[in-house]
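Structure, as structure tokens:
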Amino acid sequence: MNIRLIKVNDPNLFIKCLALRKLIFIDELHIDPYTERDGYDNINLRADHFLIEYNGMNIGNIRVIKEDKKTIDISRFGILKEYRGQGIGTMTLRMIEYFYYNRSYDHIIADVFVSAYDLFARCSYTKASKEMSFTNIPYIKMEKYLQ
């Protein structure tokens, strides 16, 4: 499986991230565009954005917010519908974990749509909250400690 994470450091790649997020979160999941975008949607020191590339095509994105010196928060993690169920999500999470573990982060939190719960559970994330709702989409907070 040829998967690559591309850390977004220039505005042109960031525009590609936002276009994928529009397809996944706004068009497919019907999340209000004003809710889907927030203060972390720029290239800054607190949030990292990555494109997920599969066989040379941009098929998804993931945003990582640095909460403190040890904790990251995974958000806006989406893969185009036609590429789901192929192990790409699992590989992406492993790559993110490796990337940040090598930068001394050891705790990951994530607000996970219930539809993606099994993916995170398979990757050893555990429940950290009861089920909640984000624009009528149920989600749960999950976490993982890296070793």
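Quick note: the coordinates plus some simple rules give every number you see, no bench work behind them. Computed from a predicted model, the values in this text were never measured in an experiment. Quick reminder, even Gly has a Cβ in these numbers, built from the backbone with ideal geometry, and neighbours come from all protein chains shown.
Rounded, prolate or oblate for segment 3-106? Axes are the square roots of the Cα gyration tensor eigenvalues, ordered a ≥ b ≥ c, and the cut-off for rounded is a/c under 1.5. List each step's numbers first, then the result.
Working: a/c = 1.62, a/b = 1.17, b/c = 1.38.
Oblate is the answer for segment 3-106, as a/c is 1.5 or above yet b/c matches or exceeds a/b.
Work out from phi, with θ = phi - 60° and the Karplus expression 6.51 cos²θ - 1.76 cosθ + 1.60, the ³J(HN,Hα) of each residue of segment 125-137, listed in order in whole Hz, and give x for Gly and Pro.
Along segment 125-137, the couplings run 7, 10, 5, 10, 7, 7, 5, 10, 9, 10, 6, 6, 10 Hz.
Excluding Lys69 itself, calculate the net charge of residues whose Cβ lies under 14 Å from the Cβ of Lys69, where each Lys or Arg counts +1 and each Asp or Glu counts -1.
0
Return the calculated 222 nm mean residue ellipticity for the chain, to the nearest 500 deg cm²/dmol, obtained by summing -39500 (n - 2.57) across DSSP H runs with n ≥ 4 and dividing by the residue count. Intermediate values should be presented prior to the final figure.
Numbers: 4 runs with 35 residues, N = 147.
For the chain, the value works out to -6500 deg cm²/dmol.
With r defined as the distance between the Cβ atoms of Asn9 and Arg37 and R0 fixed at 22 Å, what FRET efficiency is calculated, to the nearest 0.05?
Numbers: r = 20 Å, r/R0 = 0.89.
With R0 = 22 Å, the Cβ-Cβ based efficiency is 0.65.
If I take R0 = 35 Å and measure r between the Cβ atoms of Asp27 and Asp106 in this structure, what FRET efficiency does the formula 1/(1 + (r/R0)^6) give, to the nearest 0.05? List each step's numbers first, then the result.
Numbers: r = 36 Å, r/R0 = 1.02.
Rounded to the nearest 0.05, the efficiency is 0.45.
Counting Lys +1, Arg +1, Asp -1, Glu -1, what net charge surrounds Leu51 among other residues with beta carbon under 15 Å of its beta carbon?
Net of charged neighbours comes to +3.
For segment 140-145, take each phi angle, set θ = phi - 60°, evaluate the Karplus expression 6.51 cos²θ - 1.76 cosθ + 1.60, and give the result in whole Hz per residue in order, putting x for glycine and proline.
Listing the rounded values in order: 9, 7, 10, 8, 8, 9 Hz.
Less than 12 Å Cβ to Cβ from Glu28, Lys/Arg counted +1 and Asp/Glu -1: what total charge do the surrounding residues give?
Values: positive: Arg21, Lys22, Lys81, Arg84; negative: Asp27, Glu36, Glu82.
Within the 12 Å Cβ shell, the charges total +1.
Provide the per-residue ³J(HN,Hα) series for segment 66-73, in order, calculated from phi with Karplus coefficients 6.51, -1.76, 1.60 and θ = phi - 60°, each as a whole number of Hz, with x at glycine and proline positions.
So the Karplus estimates, Gly and Pro as x, are 8, 6, 7, 6, 10, 10, 10, 10 Hz.
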